[in-house]
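Since the structure comes first, as structure tokens, the remarks are kept for the end.
The values are calculated or read from the model by the stated rules, or taken from the named source; none is laboratory data. Here the structure is a predicted model, which means the values were calculated and not measured. Here the Cβ positions follow ideal geometry from the backbone for every residue, glycine too, while neighbour counts run over all protein chains shown.
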Amino acid sequence: MGCEPLLAAAAAQPRLNLPTLWLLGVVLVLLGFALAIGQTLKRQPEASIDHALLQRFNLRVRAWWIMYAILTAGFLLGRGWTVILFGFVSFWALREFITMTPTRRGDHRTLFWVFFVFTPIQYLLVGIGRMFVQPAGPVSGWFADLLGLRGIDFYGLYSIMIPVYASLFIPARIAVSGDSKRFLERSAKTQVGLLICVYSLSYAPALLHLDLQTYKPLPPPAAEDREADSLPSPPLTVAPSASSTGRRPWNEGSREGLLFYFILIVQLAELFQYAWGKLLGRRVIAPEINASRTWEGFLGGAATTGLLGALLWWVTPFRIWEAACMATATAVMGFAGCMTLSAIKRDRGVRDTGTLVQGHAGVLDRIDSLCFAAPVFFHLTRFYFSSSVW
Amino acid sequence: MNVTAAVLSLVAKLMSGCSVRWVDCQPETCQRIYFANHTSHLDALVLWASLPKQVRVLTRPVAARDYWEQDAVRRYIASSLNALLIDRENIKVHRSPVELMLQAIGDKYSLIVFPEGGRGTTDDMGEFKSGLYYLGKKRPDLELVPVFIDNLNRVLPRGEFLPVPLLSSITIGPPIWLETGESKTDFLVRAREAVRRLKDL
């Protein structure tokens, strides 16, 4: 079988390596500090601080902390759990999206398909894609055997299922329901919801089954020996073709680390754009859409994100300049996502999806940039840094 | 409280993504009539499930006998929610729905009623039936609590059996009472307005 060495190489890849654990730990501790500082400031009776701003800060930090803690738990439990976790986030975001956009009675059964067929299948395919490349345990290996999936990369299916098949299915199903009023508009709403909340976001966990390659030089053997004495590093032997392009399998790295890097960069990009916008934001990009997004914030944020992304290159398969480019692209896409969701919310006359229905945290508000950045980050990584493309 | 009811209310809460707001009104175990707009089969279940547990065990939804006694499953659900089934078709003189309701609540239970009668077909609320007026007249001590149920008709519209898990909300407003000398029509209009007002809060 042609894929056997590939499987062996992938199996040797650690789920969480030292750099990843470092980054996870540092981020969680920093957020913990921010949380503690925020709580202490809240108890100060003095009116010396802006309490509205502080409350927003506290809420935001708490949301981040919870998010990263859940993500870390997902990483520790295993890849399947991480995919399921993202599946639930998609489900909830889609729920908010469809609640926000008015639909008609005739859309009911289509929506049922969207929620209970397309969303689960998309995440199932993303999950199986992972199982195929790296049979993690007896169950998933058995499952892949049963379906005879060992030779198929499900990328080919999950990357087109929603944009092609669901997009054809949705208008057809609405047509069958027999209500022609605002037909195109209704089809488009459902399609856009599915595309943003489910399809795009599912690219984030899909990173977990890429066969990552790197142009970085091999790590010094001393570090290798210290970590794995008994294992004479078999992955290194399966990279005979590496020398010609300088590209080799990234066996020492963790794909969870890369996913975490991506999410962190998206969040930091938002933070930097906000900070730059507050500091010297003057030219608002589209006051009708979002009054707080300025050119200064966007450019400054993207540049700073690129810089910080480069500084964190050691968790990724990217070299420093590559990491800078990836982080900048991520920041730009995150901005695009934020603007798009702002436009949708403005059109519907809601400020945050969180206030749409009282008492719900707006999941869609938190993941808008993530949704737009995920497909681009995934495809750039797949094209330049994986063995899937020659 | 029985297991079926607990499971049903959990499923209903998950499916309807329902958030509950109490506006100028607090959960109490005193006797109340919760009256709400009717948009979906899930209304009674979700409203009942969204009450706190201590209140829930003392609250009985009022439902139509002709619908809820059609088959064994519905009968079972109705009985596990401790629903009070009312005959809509053959109403006898001294067994009128209002008499039955008053008899059933005694001095302990609260009720959930939908004064529109049937579920509305349009987005707008229907006219209220007079039952609420007579309840308020015969038992002036009962708190009449308006409830507005939003978006639940999109979760499970009329004639559908598969729910779509959108987010809905329930707003519970300040109680009203029948004023002295207030006519039936005036009161029913005021009660309907009390429900509708909660939509914009």
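Could you list, in sequence order, the residues of the range B:130-151 that are under 25 Å from B:Leu167 (Cβ atoms) and either among the β-branched types (Val, Ile, Thr) or at pLDDT below 90 (or both)?
Within the range B:130-151, B:Val145, B:Val147, B:Ile149, B:Asp150, B:Asn151 meet the criteria.
Confirm whether B:Phe161 is at pLDDT below 90 and within 14 Å of chain A (Cβ to nearest Cβ).
Yes, satisfied.
List the helices (runs of 4 or more DSSP H) that sit entirely inside the range A:119-230 and contain at least 2 residues that are modelled with pLDDT of 85 or more.
A:119-133, A:155-158, A:167-176, A:183-193, A:201-206
Out of all the residues in the range A:334-354, is one or more within 14 Å of chain B (Cβ to nearest Cβ), crowded, with 22+ Cβ neighbours inside 10 Å, over 30 Å from A:Ser254 (Cα atoms) and modelled with pLDDT under 85?
yes
List, please: which pairs have Cβ atoms under 7 Å, are six or more places apart or on different chains, and start with a residue in the range B:140-156 that is more than 14 Å from chain A (Cβ to nearest Cβ) and end with one that is among the charged types (D, E, K, R)?
Matching pairs, first to second residue: B:Leu142/B:Arg32; B:Glu143/B:Arg32; B:Val145/B:Arg32.
Where residues in the range A:81-128 are more than 14 Å from chain B (Cβ to nearest Cβ) and among the β-branched types (Val, Ile, Thr), which of them is farthest from A:Ile162 (Cα to Cα)?
Out of the qualifying residues, it is A:Thr82.
Would you mind finding the one in B:Glu127, B:Glu182, B:Glu116, B:Glu193 that is more than 14 Å from every other protein chain (Cβ to nearest Cβ) and at pLDDT 90 or above?
Sole residue among the options that is more than 14 Å from every other protein chain (Cβ to nearest Cβ) and at pLDDT 90 or above: B:Glu193.
Could you tell me how many of the residues in the range B:43-59 are under 22 Å from B:Gly106 (Cβ atoms) and touching a helix residue (DSSP H, G or I) at 6+ places or on another chain (Cβ under 7 Å)?
Qualifying residue count, the range B:43-59: 3.
Looking only at strands (runs of 3 or more DSSP E) that lie completely in the range B:1-108, which have at least 1 residues being without any contact (Cβ under 8 Å) to a residue 40 or more places away in the chain and more than 14 Å from chain A (Cβ to nearest Cβ)?
B:59-64, B:84-86
Got at least one residue in the range A:59-67 being small (Gly, Ala, Ser), touching a helix residue (DSSP H, G or I) at 6+ places or on another chain (Cβ under 7 Å), surrounded by fewer than 20 Cβ atoms within 10 Å (Cβ to Cβ) and more than 11 Å from chain B (Cβ to nearest Cβ)?
yes
Give me the pairs: first residue in the range A:258-285 and surrounded by fewer than 22 Cβ atoms within 10 Å (Cβ to Cβ) and in a helix (DSSP H, G or I), second residue of a type in the set (Asp, Glu) and modelled with pLDDT under 95, beta-carbon distance under 6 Å, and six or more apart or on different chains, which are they?
Within 6 Å, the pairs are A:Trp276/A:Glu296; A:Leu280/A:Glu296.
In this structure, is A:Val89 part of a helix (DSSP H, G or I), crowded, with 17+ Cβ neighbours inside 10 Å and among the β-branched types (Val, Ile, Thr)?
Yes, satisfied.
Which members of the range A:299-319 meet the condition of being under 12 Å from A:Tyr261 (Cα atoms) and not in a helix (DSSP H, G or I)?
A:Leu312, A:Thr316, A:Pro317, A:Phe318
Limited to the range B:9-24, what total is found for residues that are among the hydrophobic types (A, V, I, L, M, F, W, C) and buried (at least 18 other Cβ atoms within 10 Å of the Cβ)?
Total satisfying the criteria: 4.
Can you pull out the residues in the range B:25-57 that are surrounded by 16 or more Cβ atoms within 10 Å (Cβ to Cβ) and among the aliphatic types (A, V, I, L, M)?
B:Ile33, B:Ala36, B:Leu42, B:Ala44, B:Leu45, B:Val46, B:Leu47, B:Ala49, B:Leu51, B:Val55
I want to confirm something. Restricting to the range B:168-179 and keeping residues that are touching a Phe, Trp or Tyr at 6+ places or on another chain (Cβ under 9 Å) and within 14 Å of chain A (Cβ to nearest Cβ), which single residue is modelled with the lowest pLDDT?
The selected residue is B:Ser169.
May I ask you to list the residues in the range B:151-195 that are of a type in the set (Lys, Arg) and under 15 Å from the mean Cα position of the chain (by Cα)?
B:Arg192
Can you name the residue in the range B:141-191 that is more than 16 Å from B:Leu45 (Cβ to Cβ) and among the small types (Gly, Ala, Ser) and, of all such residues, is surrounded by the fewest Cβ atoms within 10 Å (Cβ to Cβ)?
B:Gly181
Looking at the range B:158-178, which of its residues are more than 19 Å from A:Leu94 (Cα to Cα) and either touching a Ser or Thr at 6+ places or on another chain (Cβ under 8 Å) or of a type in the set (Val, Ile, Thr) (or both)?
If the condition is that a residue be more than 19 Å from A:Leu94 (Cα to Cα) and either touching a Ser or Thr at 6+ places or on another chain (Cβ under 8 Å) or of a type in the set (Val, Ile, Thr) (or both), then B:Arg158, B:Ile170, B:Thr171, B:Ile172, B:Ile176 are the ones that fit.
Can you tell me which condition B:Leu201 does not meet? The list is (1) modelled with pLDDT under 90; (2) exposed (fewer than 14 other Cβ atoms within 10 Å of the Cβ); (3) in contact with a Gly (Cβ under 9 Å, 6 or more places away or on another chain); (4) more than 12 Å from chain A (Cβ to nearest Cβ), and all the others hold.
(4)
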